[in-house]
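This report concerns only the one structure given below.
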Amino acid sequence: MTMAPTSPPPILLLPEELLIEIAAAKPQKSHAAQPPEWVLSHVCRRFRRVVTAARTLWTQVVVDLCSDSSTELFRLYLERSAACQMEVTLRAMNNDLEAPKGLQYLSPHVGRIARLTIAVNSHEVLDTVLASFRNVAMPSLQHLEISSKYDIDLVDNDLSPLQLRIIFSFKIACCTLSFPPPQWMVGLTHLDLRGYPYPAPENSGIFRRITKELPSLVYLYVDLSTVTFISGGGIVSQSLTHLDLELHESDEESEALSNELSSFNTPHLTHLGLHGTHGDQLSLLFNSTQPAQARFPAVSSLTFTHLDRPVVCTCEVEGSYRDHYKPIAAPLKLFPVVSSLTLVDECFTPRIVSDLLGHGSQPWPLLDVLALRPKPSEAEKLYTALQDVVRWKRSQQESL
Ligand SMILES: [Zn+2]
């Protein structure tokens, strides 16, 4: 009896280019335990030869500086990526860590790092990690990110010995930024400040300083803790197109937000996100007639998020000190070209929707996207409000 020759499974016959494409098609920021290039390089001898020779597959690496196996893998990635530019994430989240591991492999490769993320939990560990980058040129670096679960005072001395040329994108969390900004920050186009340490008097007016002293900023996400931190005179930026402000203090005067925004002069802004807002603040903002001319002539995307999710917010309680909701009469005064509106967990969502779009509302021909996530307790009311919107739009021969 003769055996029919067995042909290998089709997957093993994949052309090399396709194999490389498959390995490269991982989602960005994937934290899978075993990335595809690693898995595929262990399937068979041919896969291993093809995948290990494809240098660009080894250019993104997340390293756990507390783990020997992870740092050994890091060494392999540095080797296999050869001279390609790299995206490196260095994590050391173990609070008891005395000395991060694996940093000795870094020095010959620092010059080709294009994106660097450092996530640590103590200033000491951050110091040790940053020491690997001191006095070494970093001509490829475009994006620097530093984050921590705890507040870390990032002082001038921490970053100034780094040989940073101008970088374009900087993200920090739980670290204080010092002003005036160092030279390498002046050309920043993207700045992301998350979890900014809690209100300190020296942080007051920081938003105005950022917009004034970083004249190339296009994208800004800043956690200001409180609305009053915006203040300090007019906010002028000719470059900003994308702005998100996170505001955590909820016990402020209802008028504070619209008062602060009335000092804005941001003619090229196309996205404005306000996170930590209340429905009553929104109503006052939409009704704001303070600036004679709209301060946001180009904003097409508008997002409001209520950061806590209480069933009933203080601003919804009748007679409460925040009970300042005013029916919205002319929403497009401040934002004449908004085409996308998003409300997330916002108090008064059904009422806002009725005021903006329901019976008797003004036409809003540019509105294209309306994204709503109400508090669960208000889902029913929102449904009723939306039915009213549909009826009203039909009666006006408009569509939603
Ligand atoms: Zn509220």
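The values are calculated or read from the model by the stated rules, or taken from the named source; none is laboratory data. On a predicted model such as this, the values are computed, not experimentally measured, just so you know. Quick reminder, even Gly has a Cβ in these numbers, built from the backbone with ideal geometry, and neighbours come from all protein chains shown.
Observations
- Matching entry among Leu144, Leu65, Leu73 (being at pLDDT 90 or above, under 25 Å from Pro35 (Cβ atoms) and crowded, with 21+ Cβ neighbours inside 10 Å): Leu65
- If you go through the range 294-331 and pick out every residue that is more than 20 Å from Ala385 (Cα to Cα), away from the ligand (no atom under 16 Å from the Cβ) and modelled with pLDDT under 90, you end up with 4.
- Verdict on Leu257 being modelled with pLDDT of 85 or more and either buried (at least 17 other Cβ atoms within 10 Å of the Cβ) or of a type outside the set (Gly, Ala, Ser) (or both): no
- Among the conditions (1) assigned to a helix (DSSP H, G or I); (2) under 24 Å from Asp308 (Cβ atoms), the only one that Glu346 does not satisfy is (1).
- Only a single item in (1) under 28 Å from the mean Cα position of the chain (by Cα); (2) buried (at least 20 other Cβ atoms within 10 Å of the Cβ); (3) within 11 Å of the ligand (Cβ to nearest atom) is not met by Pro374, and it is number (3).
- Extreme residue, surrounded by the fewest Cβ atoms within 10 Å (Cβ to Cβ), among residues of the range 261-283 that are within 16 Å of the ligand (Cβ to nearest atom) and of a type in the set (Gly, Ala, Ser): Gly276
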